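Okay, structure first, notes after.
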Amino acid sequence: MKYTPSQLWFMDAKFGIFIHWGIYSLLKRGEWVMHNEKIPISKYEPLKDMFEASLFEPQEWVELFKDAGARYVTFTSKHHDGFCMYDSALTEYKVTNTPLGRDVVGELRDACNDEGLKLFLYYSQLDWHHPDYYPLGRTGQYAGRVEGGDWERYLEYYIGQVRELAVNYKPFGFWLDGMWDKPDADWKLHDLYQMIHSILPNALIGNNHHRKPYPGEDFQIFEQSLPGEEGGVVKNTTYISDLPLETCLTINNSWGYNEQDHQHKSVEKLLEYLVKTAGMNSNLLLNVGPRPDGTIQKEHVTRLIRIGEWLRKYGEAIYRTRGVSVEENYSVTRRDEVQYLMITTKESNVLKVPFKYARLHSLTPLKFELSNSVLYISEWSKEPIEILKLE
Ligand code: H79
């Protein structure tokens with residue numbers, strides 16, 4: 001497959017930060033709280049009058065993400081609750097009508113531009129708030145909407161909103177989600193993608209529908225598991241296309257801020273994901289869910305900083321590489337003629353590797369010998385992941 005310059009940029013970038021932030025953050029129980037707790041629109045809407053986010057500093061977010069080694073940011077412009085985090089002309093249900101009163105997407109775009117990070121916009125095609133999202137899908141039955149909305153009008157609304165995002169914010173790409181709520185509906189995908197590409201010919205479109213990519217999509221998304229892996233709540237397709245790949249992942253088990261969720265993955269685990277996704281030729285999109293006040297919880301900040309420290313030391317094995325393979329104990333990436341063998345589990349001191357008598361040298365201070373495609377490790381380093389370079 002011949003890749004466009006945007007796709008090549010994307011594949012080289014390797015690491016992005018996902019942000020889930022909206023009025024659901026106020027309830028501190030994740031971005032699905034409206035559906036999970038059967039909160040009707042009449043009770044949920046008033047959250048917008050409480051959204052002050054007095055510590056929202058997009059510049060600080062973006063500096064942190066840059067320090068973490070991320071090359072791009074993907075932000076929820078509208079999640080399933082239907083609330084818009086940008087200044088849409090098509091609804092009053094938006095962040096500029098909150099006490100915060102600022103255009104969050106616009107400010108984040110400016111901050112990203114200042115720091116040289118690319119911006120992708122997440123947009124939920126599923127909408128638990130819009131009266132024309134009808135017939136209802138598999139979720140959103142407790143919102144209290146009257147029956148009889150007009151699906152054609154909803155299509156105009158949502159495609160119109162994506163058009164606004166394209167025209168007004170010119171993101172590097174779009175990250176769509178929620179189609180799985182009505183898998184058999186006509187979402188006018190062809191029109192949607194054509195519209196985006198007519199306004200922004202180079203924009204990258206990805207859609208988290210968990211299926212084989214559709215024509216017009218520029219990258220393929222996997223959620224909460226490595227490409228091709230089965231299992232978990234999300235039924236990703238096991239089909240891996242030729243498109244650039246991206247795997248999105250939560251640090252704990254929540255996308256939107258969840259005060260009760262303390263199951264944060266260790267830095268070592270997160271680095272293992274980064275190395276494995278790179279070995280699979282995929283990007284990693286790692287999520288943070290800022291608090292309602294606009295700050296990012298310290299458990300996540302410290303992890304991002306440590307990932308950044310690691311990438312500053314060993315980023316040559318990740319950035320601008322292509323995946324070669326992922327094995328039980330190690331992953332391999334390459335850049336032109338150079339290959340990197342990254343050992344993710346230090347269980348066995350004897351590893352069968354794909355190199356014969358090659359000239360390997362270590363980037364991490366471990367002691368090893370290679371003989372006849374077998375690597376004998378006599379001493380591990382203290383680094384979470386051992387890296388050997390083959391030139
Ligand atoms: O934005 C984040 C999540 O809120 C969103 N995608 C990520 C990036 C997401 N929503 N849902 N899921 C991910 C997976 C959930 C699927 C299920 Fe279901 C919802 C399983 C059961 C309820 C789909 C709908 C399958 C049955 C009903």
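Tabulated data for the structure shown
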read-out: Evaluation of ILE240 against (1) modelled with pLDDT of 95 or more; (2) over 16 Å from LYS66 (Cα atoms); (3) under 17 Å from the mean Cα position of the chain (by Cα) (one fails), failing number; value: (3)
read-out: Test: residue in region 265-287 that is of a type in the set (D, E, K, R), in the same structural domain as PHE65 (by TED's automatic domain parsing) and either buried (at least 20 other Cβ atoms within 10 Å of the Cβ) or in a loop (DSSP other than H, G, I, E, B) (or both); value: yes
read-out: Residue in region 225-251 that is farthest from the ligand (Cβ to nearest atom), counting only those that are part of a loop (DSSP other than H, G, I, E, B) and closer than 14 Å to ASP177 by Cα; value: ASN236
read-out: Qualifying residue in region 115-126 (condition: of a type in the set (Lys, Arg), part of a helix (DSSP H, G or I) and away from the ligand (no atom under 16 Å from the Cβ)); value: no
read-out: Residues of region 192-224 satisfying the condition of being surrounded by 13 or more Cβ atoms within 10 Å (Cβ to Cβ) and part of a helix (DSSP H, G or I); value: LEU192, TYR193, MET195, ILE196, HIS197, ILE199
read-out: Single residue of region 149-188 satisfying the filter (more than 21 Å from the chain's Cα centre (by Cα) and more than 23 Å from GLU92 (Cα to Cα)) that is surrounded by the most Cβ atoms within 10 Å (Cβ to Cβ); value: TRP187
read-out: Residue among VAL62, VAL33 that alone is free of Cβ contacts under 8 Å to residues at least 60 places away in the same chain, surrounded by 19 or more Cβ atoms within 10 Å (Cβ to Cβ) and aliphatic (A, V, I, L, M); value: VAL62
read-out: Residue tally, condition buried (at least 18 other Cβ atoms within 10 Å of the Cβ) and in a loop (DSSP other than H, G, I, E, B), over region 1-25; value: 4
read-out: Sole residue being within 16 Å of the ligand (Cβ to nearest atom) and either of a type in the set (Phe, Trp, Tyr) or touching an Asp or Glu at 6+ places or on another chain (Cβ under 9 Å) (or both), chosen from LYS66, LYS28, LYS38; value: LYS28
read-out: Index of the failed condition, ILE296 passing every other in (1) touching a helix residue (DSSP H, G or I) at 6+ places or on another chain (Cβ under 8 Å); (2) assigned to a loop (DSSP other than H, G, I, E, B); (3) surrounded by fewer than 19 Cβ atoms within 10 Å (Cβ to Cβ); value: (3)
read-out: Residue match in region 345-364 (condition: closer than 23 Å to ILE17 by Cβ and in contact with a helix residue (DSSP H, G or I) (Cβ under 9 Å, 6 or more places away or on another chain)); value: no
read-out: Residue satisfying condition, being at pLDDT 95 or above, of a type outside the set (A, V, I, L, M, F, W, C), surrounded by fewer than 23 Cβ atoms within 10 Å (Cβ to Cβ) and in contact with a Ser or Thr (Cβ under 6 Å, 6 or more places away or on another chain), within set LYS43, LYS38, LYS28, LYS48; value: LYS48
read-out: Residue check, PRO171 in the same structural domain as GLY16 (by TED's automatic domain parsing), closer than 30 Å to PRO5 by Cα, in a loop (DSSP other than H, G, I, E, B) and more than 16 Å from the ligand (Cβ to nearest atom); value: yes
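The values are calculated or read from the model by the stated rules, or taken from the named source; none is laboratory data. Remember, it's a predicted structure, so these values are computed and weren't measured experimentally. Every residue, glycine as well, gets a Cβ built from its backbone with ideal geometry; the counts of neighbours run over all protein chains shown.
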